[in-house]
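**Q** Input: one structure, supplied below.
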Amino acid sequence: MISLDINGKVREVDVPEDMPLLWVLRDELNMTGTKFGCGVAQCGACTVHVDGQPTRSCQLPASAAVGAKITTIEGLSGKAAAAVQKAWADLDVVQCGYCQSGQVMAATALIAENQNPTDADIEAALDGNVCRCATYVRIKAAVKQAAKLART
Amino acid sequence: MMLRQLLRQAASNVAEPTPSRRAFLKGTGGALVISAVVPLGSFAAESAAPGIVGPADPRPNLFVRVAKDNTVTVLVKHLDKGQGIMTGLTTIVAEELDADWSQMRGEHAPADSKLYGNHFFGIQGTGGSTAVANSWDELRMAGAAARTMLVNAAAAEWKVPADQITVAKGVVSHKASGKSATFGQLAEAASKQPIPAKVTLKEPGQYSLIGNETLHRLDHVSKTNGTAIFAMDIRRPNQVTAVLARSPRFGGTVKSVDDKAARAIPGVIDVLTLPVGVAVVAKNTWAAIKGREALSIQWDDAKAEKRGTDQMLAEYRAQAKKPGTKAARKGDTGAAFKTAAKVVEAEYSFPYLAHAPMEPLNATLEIKADGGAEIWAGSQFQGIEQPVVAGILGTTPDKVKINTLWAGGSFGRRATTTADYIAEVALIAKALAAKGKKVPVHLVWTREDDIQGGRYRPMVVHRVKGGLDKAGKLIAWEQAIVTQSFIADTPFAQVMIKDGVDATAVEGASDMAYAVPNLSVDYHQMASPVTTLWWRSVGHTHTAYAKEAFIEELAAAAGKDGVAFRLELLGDAHPRLTGVLKLAAEKAGWSKPLAPAADGSKRARGVAVHESFSSFVAHVAEVTVSKDGKIKVDRVVVAVDCGVPVNPNVIKAQIEGGTGFGIGHALRDQITLTDGLVDQSNFDGYEPMRLSDMPEVEVHIVASTARPTGVGEPGVPTAAPAVANAVFRATGQKLHDLPFSKAGVV
Ligand code: FES
Ligand code: FES
């Protein structure tokens, strides 16, 4: 049994130690908001927060997540998250939407730390999050709008 | 254009419109359920004028549900894979209904080709940017019919003349008596009203929701908080997960399997050898993936592709020099070239490309007690998947229920003529059931399966030769197109391959808009076990590039400006193409050339214009070429004419995304083979466009009252050639071989 702190709740799972957190969430706990896109840390669809840091859950073995505070899209809350989700909705960022849980997680982590991100900051924080629909124009605009919301 | 016409023709072949009884479902649970009403054949009349339209067609389609809780749900028969069709089609109904946008909902319609067939295909399916054009009439009529019934219900209840009743923002009112009611309050009474025999459709001047920039997408919240459900997220009781080991070489088959180690992986339930490969079935995805890694399989490569793409490309180039099958002929190019003052020649090559939708392919299938099945998938060709699965399971298509879910992208990949990954899951579920394990099976493709799994945009070589007279006028054009056909040997071949020419390979070239008195376009069909498929904008992905890059070279040879040269060649014959061309040029500030950057880097604009899927698009790209020859696309201005802009916000998003898709692949994407094995396996080798690659994109929509046409694909074709032309104008470098990374500029 592995015990994980997910969205403020302790969850016991009976999985092999090397099972990535992504599959623990999706297959064992039925928390499907976190997405599988590549499995090799190349796309960011699986981004969760581990102790506040955006982390690729497809590369994080369940055993390595023990003792950390894990936040998924389902448990996202707070000022930065609200600002990001509002900006995303206001600007209709989504197309197919499959990458967007990861985009929102990455953007929230950025805004929580930096309410005045430059273009370079945005690129550094979000370049690892692929959007095959290429919603990047709106992602950039939404991050800036979210930063503004978070500042006020 | 051409694809659409052919699909329509295909529809008339495939579909026989069985006149079923008028079966309007009304009054179910107090809800008003509206159906309408377009005869399949009526789509020949593309010009059907707005105004009074009589329904009275024997094929009822269920499209609109007005519920007591005051929500209005539109049943959308097309797959929303990100293009926003759920929102677009709902807008059309809401307009005629005079609903309030906040009460509108969308839902994927059930799979039923009789009720929800695509008028261009004859079966239910999404593709060819047909959705809006396809539903424009039937959904306006459905909305108008529902509105009439709500009004008539109010008139009966309030005992006032129907023509004194007004409807606005979801409220039905009678001014003189001061009475009013919501749609929800009238739903039950309206459901008992007769279906109107005729409805009056609005004139464009009356629109308040169509063309309204402020409407949000219906999925704009659920897709930002993780609650939107994709096929990948389906979890049925007792569900098992399967992954499939497919032949690493295209055309290979299983010779022998040692599955002992795989079966020993905790969580693995079974290993099945099937005609499509070796399936590992497990309790969860991780165990299935680990199980597959532990398989030891010998493949029979006797019939497999063993060439590399370098060799194949060399063969394509050699073939391009030979005479091919006639795709277009006008005048006498041979004679014209003899009189030409200048002759320009170029050869363009295009690699295999994967679609790589963000959500890897997957589907869940459950075999039912009656021998039928229920499927959960981002289903794009329901009308093919139902009969294919029925064939596998030995049942009838009507017993195959498909739940169509939001799809995490497709770009053409989910629309296959063989139902590929859906057929795979049916085979696995059937084999398991035969062993007494009748459980829901979720088949998951990993990203590696996707990148290496074929059904690529075909490899293509274009060889083009153009002749100019002394005045710099284009007098002759010869083109050879060498590629594989994904239409040959499919049910579509009958109509889409004419006189040996695959229309999807030459569209955009054989019907080129530029006036040239002497024209010759040849088609060459190459064969390989490598599977290929339509890929966002199909033939236009390469024909528009070859045509627009070559026109720029001819313009330069003639000493002319790119926009002026194109306008000259389009003349008065193509007002919508010249319209977008002029608009994009004007908005981009074409008349004022870009100054070099502060560090001396060269900067220039490039232009491209093209018609695809009956929509018209022009791109102007602004590019900086640094001193070391690397390019950066800074800004792109796009003009689009897609008829009535139903939902401008969605149109802009599609053009932005299409622009990124076109440029992103041109920069550095290619699928290559060495000894028949795919060299790329994931997003590290097949590098997707990332945020830092994305230029600013500015989209301008032409105001129009023409029938609306699609925008899912037309944003792609001109994006890359506009960039190539900017580089050419900046430095003289010709980008003939895609991706651009081959030339070292990325
Ligand atoms: S699934 Fe984890 S980064 Fe792609
Ligand atoms: S919205 Fe489709 S991949 Fe990002």
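**Q** Leaving out ligands, DNA and RNA, and with a 1.4 Å probe, what % of the accessible surface on the range A:19-152 is carbon or sulfur?
**A** Values: 2050 of 4190 Å².
With neighbouring chains kept in place, the figure for the range A:19-152 is 49 percent.
**Q** When Rg is the radius of gyration of the Cα atoms in the protein assembly as shown and Rh is its Kirkwood radius, what does Rg/Rh come to? Write out the running numbers ahead of the final one.
**A** Numbers: Rg = 27.6 Å, Rh = 28.6 Å.
With Rg and the Kirkwood Rh in hand, the quotient comes to 0.97.
**Q** Here is a further query. For the range A:2-75, just run the numbers: alpha carbon Rg, then divide by 2.2 N^0.38 Å, N being how many residues it has.
**A** Values: Rg = 10.7 Å, N = 74, 2.2 N^0.38 = 11.3 Å.
Ratio of Cα Rg to 2.2 N^0.38 Å: 0.94.
**Q** Can you list the HN-Hα couplings for the range B:274-287, worked out from phi with the Karplus curve (6.51, -1.76, 1.60; θ = phi - 60°), rounded to whole Hz and with x for Gly and Pro?
**A** Values per residue, Gly and Pro as x: 10, x, 8, x, 10, 9, 10, 10, 9, 5, 8, 5, 4, 5 Hz.
**Q** Still on this model: Rounded to the nearest 100 Å², what's the accessible area chains B and A bury against each other, both chains counted, probe 1.4 Å? Please list the in-between numbers first.
**A** On the way: alone 27890 and 7690 Å², together 31130 Å².
Buried: approximately 4400 Å² between A and B.
**Q** Please report Rg over Rh for the range B:284-421, where both radii come from the alpha carbon positions and Rh follows the Kirkwood definition.
**A** On the way: Rg = 23.8 Å, Rh = 20.5 Å.
The Rg/Rh ratio comes out at 1.16.
**Q** Averaged over its residues, how many other protein chain Cβ atoms are within 10 Å of peptide B:686-698's Cβ atoms? Numbers along the way, then the final one.
**A** Numbers: counts 1, 2, 7, 5, 11, 19, 8, 4, 8, 2, 2, 4, 1.
Average neighbour count from other chains, rounded to a whole number: 6.
**Q** If you don't mind, there's one more thing I want to ask. I'd like to compare B:344-352, A:123-131, B:391-399: which one has the highest average count of other Cβ atoms within 10 Å, and what's the full order after that?
**A** Details: B:344-352: 19.8, A:123-131: 21.6, B:391-399: 15.9.
Ranked by mean Cβ neighbours within 10 Å, highest first: A:123-131, B:344-352, B:391-399.
**Q** If you take each beta carbon of peptide A:10-18 and count the beta carbons of other chains within 10 angstrom, what is the mean?
**A** On the way: counts 0, 0, 0, 0, 0, 6, 7, 0, 2.
What the average comes to for A:10-18 is 2.
**Q** For the pairs B:LYS77/B:LYS114; B:LYS159/B:LYS198; B:LYS470/B:LYS560; B:LYS473/B:LYS587, note any where the Cα-Cα span goes beyond 19 Å.
**A** Numbers: B:LYS77/B:LYS114 11 Å; B:LYS159/B:LYS198 22 Å; B:LYS470/B:LYS560 13 Å; B:LYS473/B:LYS587 27 Å.
The answer is B:LYS159/B:LYS198; B:LYS473/B:LYS587.
**Q** Report the convex hull volume per residue for the range B:188-291, counting only C-alpha atoms, in Å³. Mind dumping the intermediate values first?
**A** Working: hull volume 33.1 nm³, N = 104.
In the range B:188-291, the Cα convex hull volume per residue is 318 Å³.
**Q** Related question: Which whole-Hz ³J(HN,Hα) couplings does the range B:691-698 yield from phi under the Karplus relation 6.51 cos²θ - 1.76 cosθ + 1.60, θ = phi - 60°, glycine and proline marked x?
**A** 3, 6, 7, 7, x, 5, 10, 10
**Q** Here is a follow-up. Give a residue-ordered list of calculated ³J(HN,Hα) values for the range B:305-322 (Karplus: 6.51 cos²θ - 1.76 cosθ + 1.60, θ = phi - 60°; whole Hz; x for Gly, Pro).
**A** Computed from phi, the couplings for the range B:305-322 are 6, 10, 7, x, 5, 4, 5, 4, 5, 4, 5, 4, 5, 5, 5, 4, 8, 8 Hz.
**Q** If you count, for every residue in A:120-133, the Cβ atoms of partner chains within 10 Å of its Cβ, what is the mean? Could the numbers behind the result be given before it?
**A** Numbers: counts 1, 0, 2, 5, 2, 1, 3, 4, 2, 2, 9, 10, 17, 15.
So the per-residue partner count for this stretch is 5.
**Q** If you don't mind, there's one more thing I want to ask. Not counting ligands, DNA or RNA, and with a 1.4 Å probe, what is A:LEU60's accessible surface area in Å² rounded to the nearest 10?
**A** Rounded to the nearest 10, that gives 30 Å².
**Q** Now for a separate question. For the range B:457-486 and the range A:79-115, write down the distance between their C-alpha centroids in whole Å.
**A** Going from one Cα centre to the other spans 46 Å.
**Q** Could I ask something else about it? List, largest first, the extents of the alpha carbons of the range B:481-613 along their principal axes, each in whole Å.
**A** So the extents along the principal axes, rounded to whole Å, are 54, 38, 26.
**Q** Can you order the peptides B:109-115, B:518-524 by their average number of other Cβ atoms within 10 Å per residue, highest first? Could you put the intermediate results ahead of the total?
**A** Numbers: B:109-115: 19.3, B:518-524: 22.4.
Result, highest mean Cβ count within 10 Å first: B:518-524, B:109-115.
**Q** While we're here: Give me the percent of accessible area attributable to carbon and sulfur for chain B, probe 1.4 angstrom. Kindly include the intermediate steps, with their values, before the conclusion.
**A** Values: 13600 of 25750 Å².
It is 53 percent, rounded to a whole number.
**Q** Which cross-chain or sequence-distant (5 or more) residues have an amide H under 5 Å from the amide H of B:THR224, H modelled 1.01 Å from N in plane?
**A** Under 5 Å from the amide H of B:THR224: no residue qualifies.
**Q** If you count, for each residue, the other Cβ atoms within 10 Å and average over each peptide, how do B:687-695, B:166-174, B:458-466 line up from highest to lowest?
**A** Highest-to-lowest ranking by the protection proxy: B:458-466, B:687-695, B:166-174.
**Q** Could you report the accessible area of B:SER208 in Å², rounded to 10, computed with a 1.4 Å probe on the protein chains as they sit in the structure?
**A** Number for this one is 70 Å².
**Q** Students often forget the sequence filter, so: which lysines lie under 22 Å Cα-Cα from A:LYS69 once same-chain residues fewer than 8 apart are removed?
**A** List returned: A:LYS9, A:LYS35, A:LYS79.
**Q** Could you work out the pair-distance distribution P(r) of the range B:156-218 from its alpha-carbon pairs, with 10 angstrom bin width and percents rounded to whole numbers?
**A** Cα pair-distance distribution for the range B:156-218, in percent: 15, 42, 34, 9.
**Q** How long are the three semi-axes of the equivalent ellipsoid for the range B:403-477, computed from the Cα gyration tensor as the root of 5 times each eigenvalue, in whole Å, largest first?
**A** Working: eigenvalues 479, 32, 24 Å².
The three semi-axes for the range B:403-477 are 49, 13, 11 Å.
**Q** Using alpha-carbon positions, what is the distance between the centroids of the range B:591-609 and the range B:229-274, in Å?
**A** 53
**Q** P(r) tail for the range A:79-151, what percent of Cα pairs lie past 16 Å? Before the final figure, lay out the partial values.
**A** Details: 934 of 2628 pairs.
Here the tail beyond 16 Å accounts for 36 percent of pairs.
**Q** Additional query: For the range B:368-412, treating each Cα as an identical point scatterer without solvent, what Debye log10 I(q)/I(0) comes out at q = 0.15, 0.27, 0.31 1/Å?
**A** With no solvent term, the Cα-only Debye profile gives -0.37, -0.92, -1.10.
**Q** While we're on this one: Please list, in chain and number order, the residues 5+ apart from B:ALA328 or on another chain whose amide H is under 5 Å from its amide H, with Hs placed from the backbone.
**A** It is B:VAL521, by chain and number.
**Q** Less than 16 Å apart at the alpha-carbon level, and either on another chain or at least 8 residues along: which aspartates and glutamates does that give for B:LYS330?
**A** B:LYS330 reaches B:GLU478, B:ASP511, B:ASP522.
**Q** Next question. Relative contact order for chain B using alpha-carbon pairs under 8 Å, separation at least 6, rounded to a whole percent? Could the numbers behind the result be given before it?
**A** Working: 1751 pairs, mean separation 103.9, N = 746.
About 14 percent, as a whole number.
**Q** Between the range B:280-306 and the range B:103-178, how far is it from one alpha carbon centroid to the other, in angstrom?
**A** For the range B:280-306 versus the range B:103-178, the Cα centre distance is 50 Å.
**Q** Restricting to bridges with both residues inside chain B, how much of the DSSP beta-bridge set is antiparallel, in percent to the nearest 5? Let's see the in-between values first.
**A** Values: 95 of 126 bridges.
The antiparallel fraction comes to roughly 75 percent.
**Q** Now a separate question. Tally Lys and Arg at +1 and Asp and Glu at -1 over the other residues with C-beta under 15 Å from the C-beta of B:THR273: what net charge comes out? Mind showing how you got there, number by number?
**A** On the way: positive: B:ARG246, B:LYS255, B:LYS260, B:ARG263, B:ARG292, B:LYS430, B:LYS435; negative: B:ASP258, B:ASP259, B:ASP270, B:ASP300, B:GLU424.
Here the count lands on +2.
**Q** What fraction of the DSSP beta bridges in the protein assembly as shown is antiparallel, stated in percent and rounded to the nearest 5? Write down the numbers at each step before the final one.
**A** Details: 107 of 140 bridges.
Of those bridges, close to 75 percent are antiparallel.
**Q** Then there's this: Pull up all non-local amide H partners of B:ASP737: gap of 5 or more, or a different chain, and H-to-H distance under 5 Å with H placed in the peptide plane.
**A** B:SER349
**Q** Hey, if you drop one equal point scatterer on each alpha-carbon of chain B and run the Debye formula without solvent, what base-10 log of I(q)/I(0) do you get at q = 0.11 Å⁻¹?
**A** Treating every Cα as an identical point scatterer, log10 I(q)/I(0) equals -1.22.
**Q** What figure, in Å² to the nearest 10, do you get for the accessible area of B:LEU577 with a 1.4 Å probe and non-protein molecules left out?
**A** 10
**Q** On to the next question. Set Lys and Arg Cβ to +1 and Asp and Glu Cβ to -1, take the dipole of the protein assembly as shown about its Cα centre, and tell me which of A:ALA146, B:GLN386, B:TYR421 lies farthest positive.
**A** B:GLN386
**Q** With a bin width of 5 angstrom, please list the P(r) values of chain A as percents of all Cα-Cα pairs, from the 0 bin to the one holding the largest distance.
**A** Here the calculated profile for chain A is 2, 11, 21, 23, 19, 13, 8, 4, 1, 0.
The values are calculated or read from the model by the stated rules, or taken from the named source; none is laboratory data. No experiment lies behind these values; they were computed from the predicted model shown. Backbone-built Cβ (ideal geometry, glycine too); neighbour counts: all protein chains shown. These area figures cover heavy atoms from the full protein model, side chains too; ligands, DNA and RNA do not enter into them. Shrake-Rupley method; radii C 1.70, N 1.55, O 1.52, S 1.80 Å.
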